[in-house]
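Enquirer: Next up is a structure, given as structure tokens.
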Amino acid sequence: MQFREDPHKNEALKARHISELEALIARREDELASTRKAYCADILQNTEAHRKAYLDMLGWPLNASLPRPTPKAEILEELGDEGEYTLFRMQIEVLDGLWLTGLYYRLNTRERRPLVISQHGGAGTPELASGFYFDGSTVNYHAMVTGLLPHRVHVFMPALLLWDPAFYGAPYDRIRLDARLKRVGGSITALEVYAISRAIDYFEATVNPLSFGMVGCSYGGHYTLFTTAAEPRIRSAISSSFFSGRRHYAWPDWVWRDSAALYDDPEIACLCYPRRLCVELGDKDELFAVEYSNAATEEVKDYCKAADIDPDSWFDSIVFEGVHEYNPSPAPVERLIRDLEA
């Protein structure tokens, strides 16, 4: 066979195939958006049934009936004692042989006070968000940790599989690990939400805090939204720089089989009802568009209207002046503290 041709000769056909595939998926997304809204029409009236289906969507170990004795925990280091607070690096065994590490700001008091989980985002760590590096800078986390401490709450900062290997070492492939977990019926989100829930088990049994709250930025906002939906013990939460919709941001570790027909950000927000949820986004966020966040907010309000529920009674949506960052305004945290002390 002597026939030869330029490798780019059929580039237009390949481009057409891509365009047709994009259009096919978009039509299917439109179809399933209606399916999802019909399926979730009663989500605010039948939250527990939908929560179970949501956990099934995320997968193992969230949907497994596993024994949940109080987890074992170890203090790895005492990093500082500042009188009112003692700072520890600790680890909690969340599954057999799997330990969740993190920073624990223990409030030194016998008074029952709330405990807030403060969740870092992508390329970050609890230490970065706490200002351990760069001459104390917390980069885009601002006062996500330090703004909590004056309110006299315990703070736990889990270290999730999100650090930047180029800076911290310990290389990994998050997407490959997520794929392997999906192959065995789970997902990285399911595993890490479960780990945070097991940390709550530990602190509930040992510290017995007045209540639990959660805050997080970017990937931390993702985990705040998804964990609060899964974990009814979280009374109030702030999900910063995340809330929008997976149709626009279909990252591999943020989508699950049939999720377009089941639960997207607005429905997952509804699983937090009647507890307080605050979602916030900077008006100049370079990763997530405000228009998609606003559209998701309107969907939450539509569910509330259909159920004759005032969205202002439990749901706050804030667009602040800023970029991809934790809202520097103290007002949302002050509201969270009032919720936790109520």
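Enquirer: For the chain, compute the number of Lys pairs whose alpha carbons are separated by less than 25 Å, excluding pairs fewer than 8 positions apart on the same chain.
Expert: Details: Lys37/Lys52; Lys37/Lys301; Lys37/Lys305; Lys52/Lys182; Lys52/Lys301; Lys52/Lys305; Lys284/Lys301.
Within the chain, the lysine pair count is 7.
Enquirer: Sticking with this one: Could you give me the ³J(HN,Hα) list for the stretch 5-13, computed from phi with Karplus coefficients 6.51, -1.76, 1.60 and θ = phi - 60°, whole Hz, x at Gly and Pro?
Expert: The phi angles translate into 7, 5, x, 8, 4, 9, 4, 5, 5 Hz.
Enquirer: Mind running the shape call on the stretch 261-342? Use the C-alpha gyration tensor, a ≥ b ≥ c as the square roots of the eigenvalues: rounded below 1.5 for a/c, prolate if a/b tops b/c, oblate otherwise.
Expert: Working: a/c = 2.16, a/b = 1.12, b/c = 1.92.
Because a/c hits 1.5 or more and a/b fails to exceed b/c, the stretch 261-342 counts as oblate.
Enquirer: Would you kindly state how much longer the chain becomes between Val184 and Lys284 on full extension, computed as 0.36 nm times their sequence separation minus their alpha carbon distance, in nm to one decimal? Provide the component values of the computation, followed by the final result.
Expert: Details: separation 100, 0.36 × 100 = 36.00 nm, distance 3.92 nm.
Result: 32.1 nm gained on full extension.
Enquirer: Size of the dipole of the stretch 1-145 about the Cα centre, Lys and Arg at +1 and Asp and Glu at -1 on the beta carbon, nothing else charged, in debye to 20? Walk me through the numbers on the way to the answer.
Expert: On the way: 17 positive and 22 negative charges, 110 e Å.
I would put it at about 520 debye.
Enquirer: Out of residues 5 or more away from Leu79 or on other chains, whose amide H comes under 5 Å of its own, with H placed 1.01 Å from N in the peptide plane?
Expert: Leu87, Phe88, Arg89
Enquirer: So how far apart, in nm, are the two label points at Arg257 and Val319 if each is 7 Å from Cα heading toward Cβ?
Expert: 3.8
Enquirer: Dipole of the stretch 80-173 (Lys/Arg Cβ +1, Asp/Glu Cβ -1, origin at the Cα centre): which of Val153, Ser118, Ala166 lies farthest to the positive side?
Expert: Projecting each Cα onto the dipole axis, the largest value belongs to Val153.
Enquirer: Do you know the relative contact order of the chain, to the nearest whole percent, from alpha carbon pairs under 8 angstrom that are 6+ apart? Please report the intermediate quantities before stating the final value.
Expert: Working: 597 pairs, mean separation 65.3, N = 342.
Contact order relative to length: 19 percent.
Enquirer: Once the other residues with Cβ under 11 Å from the Cβ of Thr70 are scored (Lys, Arg +1; Asp, Glu -1), what is the net sum? Working shown, then result.
Expert: Numbers: positive: Arg68, Lys72, Arg198; negative: Glu93, Asp201, Glu204.
It works out to a net charge of 0.
Enquirer: What is the Cα centroid distance between the stretch 102-119 and the stretch 287-342, reported in whole angstrom?
Expert: 25
Enquirer: Now for a separate question. With an 8 Å Cα cut-off and a minimum separation of 6 or more residues, compute the relative contact order for the stretch 96-175 in percent.
Expert: Working: 102 pairs, mean separation 33.5, N = 80.
Once divided by the residue count of the stretch 96-175, the mean separation gives 42 percent.
Enquirer: Something else now. If you wrap the chain's Cα atoms in a convex hull and average its projection over all directions, what's the area in nm²?
Expert: On the way: hull surface 86.0 nm².
Computed as one quarter of the Cα hull surface, the answer is 21.5 nm².
Enquirer: Arrange the peptides 276-286, 136-146 so that the one whose residues have, on average, the most other Cβ atoms within 10 Å appears first. Don't skip to the end; give the middle numbers.
Expert: Numbers: 276-286: 20.9, 136-146: 19.1.
Descending packing order for the listed peptides: 276-286, 136-146.
Enquirer: When only the heavy atoms of the protein chains count and the probe is 1.4 Å, how do Val184, Val155 rank by accessible area, highest first?
Expert: On the way: Val184 95, Val155 0 Å².
Output order, biggest surface exposure first: Val184, Val155.
Enquirer: Show me the ranking of peptides 190-203, 241-254, 302-315 by mean Cβ neighbours inside 10 Å, starting with the highest.
Expert: Details: 190-203: 22.2, 241-254: 19.1, 302-315: 15.1.
Peptide ranking by packing, descending: 190-203, 241-254, 302-315.
The values are calculated or read from the model by the stated rules, or taken from the named source; none is laboratory data. Treat the numbers as computed from the prediction; the structure is a model and nothing was measured. Note that we place each Cβ from the backbone using ideal geometry, even for glycine, and neighbour counts take in every protein chain shown. Calculation scope for accessible area: heavy atoms of the full protein, side chains included, ligands and nucleic acids excluded. Shrake-Rupley method; radii C 1.70, N 1.55, O 1.52, S 1.80 Å.
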